[in-house]
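The next block holds one structure in the form of structure tokens; read it before the comments.
The numbers here are math on the coordinates, done by the rules we state, and not lab data. Because the structure is predicted, anything quoted here is derived from the model rather than measured. Please note: Cβ atoms are built from the backbone with ideal geometry, for glycine as well, and neighbour counts cover all protein chains shown.
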Amino acid sequence: MNGSGASAAGCADCGGKCCREYKVGVTVRDVRVLAEGTAMHPSDFIRLLDTDKEGFRLRPGGPAKKLYLQRSSAGTGCVFLMEIAAGRARCGVYAHRPLVCSTFPLSIQRGVVTPREETICDIDSWNLAGMDLPACRRELIQDRSAREEHRQLIQAWNKIVDASDRESTPQELYDWLMDYPVETP
Ligand code: SF4
Ligand code: SF4
């Protein structure tokens with residue numbers, strides 16, 4: 001995902017395995033930043049997939065759904081991944097990419113910024129000594145705050161759905177997410 005901490009050589013040589021192989025789940029904050037940065041509507045780059053965890057519902061008692069980045073029509077990865085040469089690719093929305101992308105594969109564990117275990121990256125791709133760890137920490141904290149806001153929006157939306165007598169469409173959900181007055185963290 002071309003995280004802010006990856007060594008440039010590591011990501012360049014890898015060809016974007018993470019962007020090709022992961023299903024990338026995003027927050028409402030990420031959807032807003034992408035929509036505003038690209039002038040695209042969320043329905044052009046977001047898909048809803050069922051989850052057994054907390055998520056947006058489209059009808060009372062219906063399945064919970066999470067927001068994911070769409071895949072390219074060729075099935076070669078994230079819809080925003082741009083092929084630039086054989087085996088080389090770059091993020092086409094780098095300045096607006098989701099926080100899960102910009103922080104990948106780092107996490108905060110016991111207060112320390114640490115690479116996650118069992119990621120798709122070759123371990124040699126990463127050099128903690130060469131990373132801007134304070135910037136990584138800020139983004140990880142920003143992502144945590146965005147996830148809390150995301151949970152609050154799930155609850156607010158689901159209340160509306162429960163009070164309605166008809167099924168909502170994904171488009172209505174996306175419009176509501178874009179219009180709901182929250183500050184982008
Ligand atoms: S938004 Fe960019 S960094 Fe994130 S998965 Fe898509 S191509 Fe990769
Ligand atoms: S899998 Fe790892 S090394 Fe490869 S592009 Fe993604 S973050 Fe970079």
_Residue with peak Gaussian network fluctuation, the chain [Cα springs, cutoff 10 Å], from Ala64, Ala146, Ala85_ = Ala85
*What is the dipole size for region 50-185, taken about its Cα centre, with +1 at each Lys and Arg Cβ and -1 at each Asp and Glu Cβ, in debye to the nearest 20?*
120
*Given the options Ala74, Ala135, Ala95, state which has the largest fluctuation in a GNM of the chain using a 10 Å cut-off (strictly under) for Cα springs.*
Ala74
*Under a 10 Å cutoff between Cα atoms, tell me which one of Gln171, Gln109, Gln152 has the largest fluctuation in the Gaussian network model of the chain.*
Gln109
*Just name one of Ser72, Leu58, Cys136: the one whose Cα is farthest towards the positive end of the charge dipole of region 8-153 (beta-carbon charges, Lys/Arg +1, Asp/Glu -1).*
Leu58
*How high is the relative contact order of the chain, given as a whole-number percent (alpha carbon pairs under 8 Å, six or more residues apart)?*
33
*Fully extended, how many nm does the chain gain between Lys23 and Trp176 (0.36 nm per residue separation, minus their Cα-Cα distance)?*
52.7 nm
*What size of dipole, in debye to the nearest 20, comes out for region 64-110 about its Cα centre when the only charges are +1 on Lys and Arg C-beta atoms and -1 on Asp and Glu C-beta atoms?*
180
*Extent of region 9-93 along each principal axis, from alpha carbon coordinates, in Å, largest to smallest?*
47, 27, 22
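Mind counting lysine pairs for me in the chain? Cα separation below 14 Å, and the two need to be 8 or more apart along the chain or on different chains.
4
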*On average over all directions, what projected area in square nanometres does region 8-153 have, based on the convex hull of its Cα atoms?*
10.0
*Compute the separation of the alpha-carbon centres of region 123-171 and region 26-53 and state it in Å as a whole number.*
11
_Electrostatic dipole magnitude of region 10-96 [Cβ: Lys, Arg +1; Asp, Glu -1; Cα centre; debye, to 20]_ = 180
*Selection from Ile120, Tyr94, Leu49 lying farthest towards where the dipole of the chain points positive, charges on Cβ*: Ile120
_Computed [θ] at 222 nm, helices only, for the chain once each DSSP H run of length n ≥ 4 contributes -39500 (n - 2.57)_ = -11000 deg cm²/dmol
*Go through 111-119, 156-164, 75-83 and give me the packing order, highest mean Cβ count within 10 Å leading.*
75-83, 156-164, 111-119
*Going by alpha carbons, how many degrees (0 to 90, nearest 10) lie between the helix axis of 133-162 and the longest principal axis of the chain?*
20
